Amino acid sequence: MAARHKSVETRFYEDRDRVLRALRNCDRRTFLKLSAATMGAVMAKGLVPPHTFQLIEVANAAVDKNWGTHGAQGSAPFRFAYISDAHLYERTLNQRFIRAIVKAVDDVNALDPQPDFVLYGGDLAQLGSPGQLETGRQILGNLKAPVKMMVGEHDWFLDLGEKWQELFGPPTYSFDWKGVHVVVLQSVYEKDFWTARKMTPAERMQTVAGLDNAVQSRFEVGDAQREWLKNDLAKVSKSTPLLIFSHSPLYKYYRPWNFWTEDAEQVQAILKQHEKVTVIHGHTHQMLFNQIGNISFYGMLSTAWPWPYAPEGLPKLTVQMNRADPFDQFDGCGDGEFTARTDQLVDTVYNLWDRNPVTVRADYLVSGGKVDRPPAPQFASY
Amino acid sequence: MVTVTAALVAIGLVTLRYLAAADPTGVAQAQSSLPAHSVPSASRGAVVVELCDGVTHTEVKGLKPGQQMTRAQALAVTGQLMAEWRRKHPDRHWVLAQNDQASPSASSPENPARGNIAGPGETANTKSQQGDTYASFHERDFKVWQAQTDAFVNYGNQVFHSAKLLGSTIGVSCDMCHPNAANTHPETYPKYQEQLQRVALLRDMIDWCIENPIKGKTLDPNDPKMRALEAYILAQRKGVALDYGKH
């Protein structure tokens with residue numbers, strides 16, 4: 001098999017090299033022929049052309065025209081982008097995941113106009129080492145828009161957040177943006193499972209990194225941080241929309257894989273006292289959305305790999321993304337954008353690489369699925 | 001002869017138990033070599049045909065190695081082998097499973113679900129009405145077999161979760177993308193994989209994933225690691241209906 005079959009990735013790079021070599025010294029006639037041929041090939045495969053951001057703009061235009069139809073309520077609309085779950089090793093070990101985050105940075109830098117900020121959704125490193133975190137910081141440093149950082153369990157459990165905080169500051173913070181109150185949480189604390197087992201820091205990290213490793217504890221926001229959240233929100237009027245970022249989903253989806261936050265109900269109880277709440281989370285590597293009371297939840301895509309939908313517990317409102325093509329490194333991965341609307345709801349665009357982007361309008365969630373249902377998958381999980 | 005057979009079975013069991021004790025990791029189970037049935041060599045210009053009991057055999061005179069028997073010859077040889085087996089086991093009741101109406105089997109009132117296989121806690125010899133070899137095993141034999149199988153699957157579990165055992169050059173293991181082997185769908189093989197331009201078996205897909213996301217070297221189908229990976233992946237889908245060709 002090795003000799004006869006090349007990976008999509010290998011073929012892609014070979015094709016690209018061939019085109020680039022040919023382009024280097026060709027006249028205009030040949031150039032036109034070449035570009036027509038590559039476009040033809042792209043269209044024949046039904047693939048999104050390399051400039052995926054063009055399609056995002058189409059999706060945004062559909063959102064934009066709605067801005068006028070809702071009365072302004074003190075907050076101005078704005079757009080922000082995200083990149084999440086890159087799971088980096090150092091360059092010398094693994095180029096695959098590096099290539100993916102670099103692709104996301106290129107995507108976001110190509111957005112015109114630029115987003116107000118870029119949220120990085122956690123799990124920058126695979127095993128939390130200083131080299132991995134620094135590599136990630138260097139790559140994210142190429143983003144043109146300001147970056148807001150969130151921490152994930154893969155960044156945390158080698159040194160319990162020491163290096164991450166040295167590089168990026170406190171993992172819990174809040175700020176106000178164009179009439180919206182934004183909070184970033186550290187939702188991946190775990191009760192001590194390592195001391196009794198006499199684990200080294202590396203063993204602790206490896207255990208947490210195993211999604212199906214049953215030895216670890218469940219994620220939690222924890223008493224102290226919930227207190228902090230209560231105090232922070234006490235200063236904000238109930239009608240101010242909230243935008244909450246957490247690495248794990250702030251609800252209970254599937255316990256064995258920590259698609260889960262143990263004290264989710266307690267956090268929701270704090271949040272739901274505010275009129276409009278949107279929670280955006282990483283960790284699950286899939287198109288995922290949910291509505292609990294007045295709280296809308298969106299999961300972010302990973303740049304590194306898609307995760308299977310869990311065997312049970314999937315929120316009813318989630319429309320699955322198609323199963324990924326194992327022969328294409330980028331399929332099922334991607335980045336995305338959010339639009340905070342004047343009516344204080346948040347729409348999202350899942351910018352799935354090598355596929356059509358999927359827009360999920362807030363109206364879909366708040367109507368309980370009655371309007372604006374995103375397209376159904378052809379190949380759902382089983 | 002009956003006692004000899006019983007002794008052979010006993011030796012077999014002792015060996016199994018010894019293995020179970022000596023192979024808690026399941027690595028030995030993952031090895032591919034099977035015990036060979038050694039038959040006496042044939043006199044010049046003849047072929048030896050053996051029965052599945054590993055003991056009974058006969059020589060077909062005038063049949064050269066590589067030559068086919070005629071249908072009549074084949075019937076004569078198998079008839080002769082079975083007659084020999086019956087002679088050695090006068091107490092055994094040879095069941096032609098499909099059409100032996102007389103034999104009290106599958107749904108006998110004492111043992112409705114399990115047919116003639118002795119279940120846990122039953123003394124096989126008193127319950128079994130057919131006197132066949134399989135039914136003469138005991139509860140602890142089933143336990144030994146289960147322990148062996150679990151150890152084998154567990155070794156596969158380790159390989160699946162270890163970038164090192166998989167020989168990854170980039171620190172990647174299967175579980176990173178397939179927690180609990182989710183989305184590996186072993187029940188859908190064989191199936192046509194467009195990207196491989198062929199009908200693939202589960203092991204072809206495993207190889208593909210080792211070569212690509214894992215960036216390791218493909219495994220020989222009989223490599224202990226390949227066998228263990230297959231075992232682990234299949235074990236995670238216990239109870240799921242086979243559905244070959246599904247996408």
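The values are calculated or read from the model by the stated rules, or taken from the named source; none is laboratory data. Nothing here was measured: the structure is a model prediction, and the numbers come from that model. Using ideal geometry, Cβ is built from the backbone for each residue, glycine included, and neighbour counts are taken over all protein chains shown. For the accessible areas, the whole protein counts, side chains as well, though only heavy atoms, and no ligand, DNA or RNA atoms are used. Shrake-Rupley method; radii C 1.70, N 1.55, O 1.52, S 1.80 Å.
What the table below lists for this structure:
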| item | result |
| --- | --- |
| Unique residue being among the aliphatic types (A, V, I, L, M) and within 21 Å of residue A:105 (Cβ to Cβ) when the list is A:324, A:304 | A:304 |
| Residues that are of a type outside the set (A, V, I, L, M) and open to solvent by less than 40 Å² (accessible area, probe 1.4 Å), drawn from segment A:362-376 | A:363, A:364, A:367, A:369, A:374 |
| Qualifying strands (runs of 3 or more DSSP E) (wholly inside segment A:255-315; at least 2 residues being open to solvent by 10 Å² or more (accessible area, probe 1.4 Å)) | A:288-292 |
| Pairs, first among the acidic types (Asp, Glu) in segment A:242-262, second part of a loop (DSSP other than H, G, I, E, B) and surrounded by 21 or more Cβ atoms within 10 Å (Cβ to Cβ), C-beta under 9 Å, six or more apart | A:262/A:219; A:262/A:221 |
| Test for residue A:126: is it polar (S, T, N, Q), closer than 25 Å to residue A:173 by Cα, open to solvent by less than 10 Å² (accessible area, probe 1.4 Å) and within 14 Å of chain B (Cβ to nearest Cβ) | yes |
| Subset of segment A:94-123 [away from chain B (no Cβ under 14 Å), open to solvent by less than 20 Å² (accessible area, probe 1.4 Å), touching a residue at least 40 places away in the same chain (Cβ under 8 Å) and more than 18 Å from residue A:348 (Cβ to Cβ)] | A:101 |
| Residues of segment A:340-356 satisfying the condition of being closer than 24 Å to residue A:304 by Cα and either at pLDDT 95 or above or outside the structural domain of residue A:290 (by TED's automatic domain parsing) (or both) | A:347, A:348, A:349, A:350, A:351, A:352, A:353 |
| Odd one out for residue B:65, checked against (1) closer than 30 Å to residue B:221 by Cβ; (2) open to solvent by less than 40 Å² (accessible area, probe 1.4 Å); (3) out of contact with any helix residue (DSSP H, G or I) (no Cβ under 8 Å at 6 or more places or on another chain) | (2) |
| Verdict on residue A:341 being over 17 Å from the mean Cα position of the chain (by Cα) and either within 14 Å of chain B (Cβ to nearest Cβ) or touching a residue at least 24 places away in the same chain (Cβ under 8 Å) (or both) | yes |
| Count - residues of segment A:77-93 that are in contact (Cβ under 8 Å) with a residue 24 or more places away in the chain and within 14 Å of chain B (Cβ to nearest Cβ) | 7 |
| Single unsatisfied condition, residue B:153 versus (1) part of a helix (DSSP H, G or I); (2) closer than 21 Å to residue A:126 by Cβ; (3) more than 10 Å from chain A (Cβ to nearest Cβ) | (2) |
| Test: residue A:229 is assigned by TED's automatic domain parsing to the domain that holds residue A:265, under 21 Å from the mean Cα position of the chain (by Cα) and at pLDDT 95 or above | no |
| In segment B:206-237, the residues that are more than 13 Å from chain A (Cβ to nearest Cβ) and open to solvent by 70 Å² or more (accessible area, probe 1.4 Å) | B:222, B:234 |
| Unmet requirement for residue B:170, which otherwise passes all of (1) surrounded by fewer than 18 Cβ atoms within 10 Å (Cβ to Cβ); (2) more than 10 Å from chain A (Cβ to nearest Cβ) | (2) |
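To keep it simple, each residue is scored yes or no on (1) in contact with a strand residue (DSSP E or B) (Cβ under 7 Å, 6 or more places away or on another chain); (2) of a type outside the set (Val, Ile, Thr).
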site: A:269; (1), (2): no, yes
site: A:285; (1), (2): no, yes
site: A:290; (1), (2): yes, yes
site: A:303; (1), (2): yes, no
site: A:309; (1), (2): no, yes
site: A:312; (1), (2): yes, yes
site: A:326; (1), (2): no, yes
site: A:330; (1), (2): no, yes
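Okay, residues lined up against (1) in contact with a helix residue (DSSP H, G or I) (Cβ under 8 Å, 6 or more places away or on another chain); (2) free of Cβ contacts under 8 Å to residues at least 40 places away in the same chain:
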site: A:282; (1), (2): no, no
site: A:310; (1), (2): yes, no
site: A:322; (1), (2): no, no
site: A:331; (1), (2): no, yes
site: A:345; (1), (2): yes, no
site: A:357; (1), (2): yes, no
